[in-house]
Amino acid sequence: MKLPDAALPILDRVDGGRVVFLTGAGISAESGIPTFRGEEGYWTVGSKEYHPQEMATQAMFQRAPDEVWRWYLYRLGVCRGAAPNAAHAAVASVEEQLGDRFCLITQNVDGLHLRAGNSLDRTCQVHGNIELHRCVDRCSAALHRMPPDFAPRDRDAPLSADDRQRLACPDCGGRTRPHVLWFDEYYEEELYRSETAMHAAATCDLLVIVGTAGATSLPVHAARVAARAGAGVIDVNLDANPFAEIAHELTNGLAIEGRAGEVVPALAARLR
């Protein structure tokens with residue numbers, strides 16, 4: 001893909017500077033992972049249907065932990081069945097070239113960026129990772145890997161006694177929960193590296209935002225902080241969003257309407 005002419009001076013002025021990518025569900029949608037805000041996200045418990053914003057909460061987990069785990073095990077199967085796409089590979093290639101001048105902030109819990117080659121040290125998974133779980137009682141700070149042989153789940157598959165046993169905390173034997181940030185919880189540096197992400201945004205020379213609608217607070221705040229600090233801002237999205245508005249307000253900002261799998265490799269090639 002040929003980049004818009006307006007993108008070239010924004011990218012070229014970064015020479016020697018720090019680059020931050022901020023990604024959302026749109027970059028993984030091209031790998032076949034639905035956003036779960038549409039019909040795929042609805043979940044039936046008894047005779048009632050719940051929205052993702054209701055399922056992904058501490059309140060629901062306290063009320064119906066088996067149902068929340070059943071929902072997440074289904075989602076885990078979807079994520080494991082997907083593969084990184086060209087946009088993921090391009091982001092990984094930028095890190096390979098820039099090293100410590102690179103940081104990735106991702107809202108996605110699917111782990112595709114890490115599978116594409118991004119390093120854990122330079123990746124802030126601000127909403128967690130579905131491949132991990134942790135003790136409900138926080139008996140330790142440990143994050144535990146999900147059993148690798150969990151097979152893809154049918155939406156109607158019940159949570160079994162064997163599932164409960166395998167999801168128990170390896171340290172204390174108590175209940176665990178998915179390592180994801182729920183809608184009724186707050187960002188924490190220890191769990192989600194949220195302060196690290198904000199510092200990266202505040203000190204970067206270029207922020208590239210890919211496939212996020214800005215429905216959560218940290219990404220929008222990060223973009224505003226970067227813009228106020230004088231960074232260039234490039235938004236890549238198929239739909240109108242708050243980041244495009246921020247980019248339009250800047251002399252070194254640009255909103256590119258297009259697919260992540262086409263635009264991001266072109267941006268990465270220019271940055272390299």
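Scanning the stretch 185-198 for residues that are among the charged types (D, E, K, R), surrounded by 13 or more Cβ atoms within 10 Å (Cβ to Cβ) and assigned to a loop (DSSP other than H, G, I, E, B) turns up GLU185, ARG193.
Let's see how each residue does on (1) touching a Leu at 6+ places or on another chain (Cβ under 9 Å); (2) more than 28 Å from THR203 (Cα to Cα); (3) assigned to a helix (DSSP H, G or I):
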position: MET1; (1), (2), (3): no, yes, no
position: PRO4; (1), (2), (3): yes, no, no
position: GLY17; (1), (2), (3): yes, no, no
position: ILE33; (1), (2), (3): yes, yes, no
position: ARG70; (1), (2), (3): yes, yes, yes
position: LEU73; (1), (2), (3): yes, yes, yes
position: LEU76; (1), (2), (3): no, yes, yes
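Taken over the stretch 110-154, the criterion of being closer than 25 Å to GLY173 by Cα, basic (Lys, Arg) and open to solvent by 60 Å² or more (accessible area, probe 1.4 Å) is satisfied by ARG138, ARG145.
Just one residue in the set ILE27, ILE10, ILE105 is in contact with a Cys (Cβ under 9 Å, 6 or more places away or on another chain) and either open to solvent by less than 20 Å² (accessible area, probe 1.4 Å) or small (Gly, Ala, Ser) (or both); that residue is ILE105.
Scanning the stretch 198-240 for residues that are in contact with a Cys (Cβ under 7 Å, 6 or more places away or on another chain) and of a type in the set (Asp, Glu) yields a total of 0. When the residues of the stretch 225-272 are filtered to those that are of a type in the set (Lys, Arg) and surrounded by fewer than 16 Cβ atoms within 10 Å (Cβ to Cβ), the one that is farthest from GLY17 (Cα to Cα) is ARG228. The criterion of being among the polar types (S, T, N, Q) and under 19 Å from the mean Cα position of the chain (by Cα) does not hold for THR44. Consider the stretch 199-214 and keep the residues that are open to solvent by 70 Å² or more (accessible area, probe 1.4 Å) and touching a residue at least 60 places away in the same chain (Cβ under 8 Å). The one that is nearest to the chain's Cα centre (by Cα) is ALA213. Based on this model, can you work out whether THR23 counts as within 30 Å of CYS135 (Cα to Cα), hydroxyl-bearing (Ser, Thr, Tyr) and at pLDDT 95 or above? Spelling it out, THR23 is indeed within 30 Å of CYS135 (Cα to Cα), hydroxyl-bearing (Ser, Thr, Tyr) and at pLDDT 95 or above. Residue pairs whose Cβ atoms lie under 6 Å apart, separated by 6 or more positions or on different chains, with the first residue in the stretch 168-195 and farther than 11 Å from ARG134 by Cα and the second part of a loop (DSSP other than H, G, I, E, B) and of a type in the set (Val, Ile, Thr), are TRP182/THR57; PHE183/THR57; ASP184/THR57; TYR192/VAL126; SER194/VAL126.
Yes/no matrix, rows are residues, columns are (1) of a type in the set (Ser, Thr, Tyr); (2) closer than 17 Å to ALA90 by Cβ; (3) in a strand (DSSP E or B); (4) without any contact (Cβ under 8 Å) to a residue 40 or more places away in the chain:
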position	(1), (2), (3), (4)
CYS103	no, yes, yes, no
ASN118	no, yes, no, yes
ASP121	no, no, no, yes
CYS124	no, no, yes, no
LEU132	no, no, yes, no
CYS139	no, no, no, yes
PHE150	no, no, no, no
ARG155	no, no, no, no
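The set of residues from the stretch 155-182 being at pLDDT 95 or above, open to solvent by 70 Å² or more (accessible area, probe 1.4 Å) and either in contact with a helix residue (DSSP H, G or I) (Cβ under 9 Å, 6 or more places away or on another chain) or among the hydroxyl-bearing types (Ser, Thr, Tyr) (or both) comprises ARG164, ARG175. Based on what the data block shows, is TYR192 under 28 Å from ALA59 (Cα atoms), of a type in the set (Ser, Thr, Tyr), modelled with pLDDT of 95 or more and touching a helix residue (DSSP H, G or I) at 6+ places or on another chain (Cβ under 6 Å)? So TYR192 does not fit the description; no. Residue count for the stretch 219-242 under the criterion of being under 22 Å from ARG101 (Cβ atoms) and either of a type outside the set (D, E, K, R) or over 21 Å from the mean Cα position of the chain (by Cα) (or both): the result is 14.
The values are calculated or read from the model by the stated rules, or taken from the named source; none is laboratory data. Nothing here was measured: the structure is a model prediction, and the numbers come from that model. So basically every Cβ, Gly included, is an ideal-geometry build from the backbone, and we count neighbours across all protein chains shown. The area values use the complete protein model at the heavy-atom level, side chains included, leaving out ligands, DNA and RNA. Shrake-Rupley method; radii C 1.70, N 1.55, O 1.52, S 1.80 Å.
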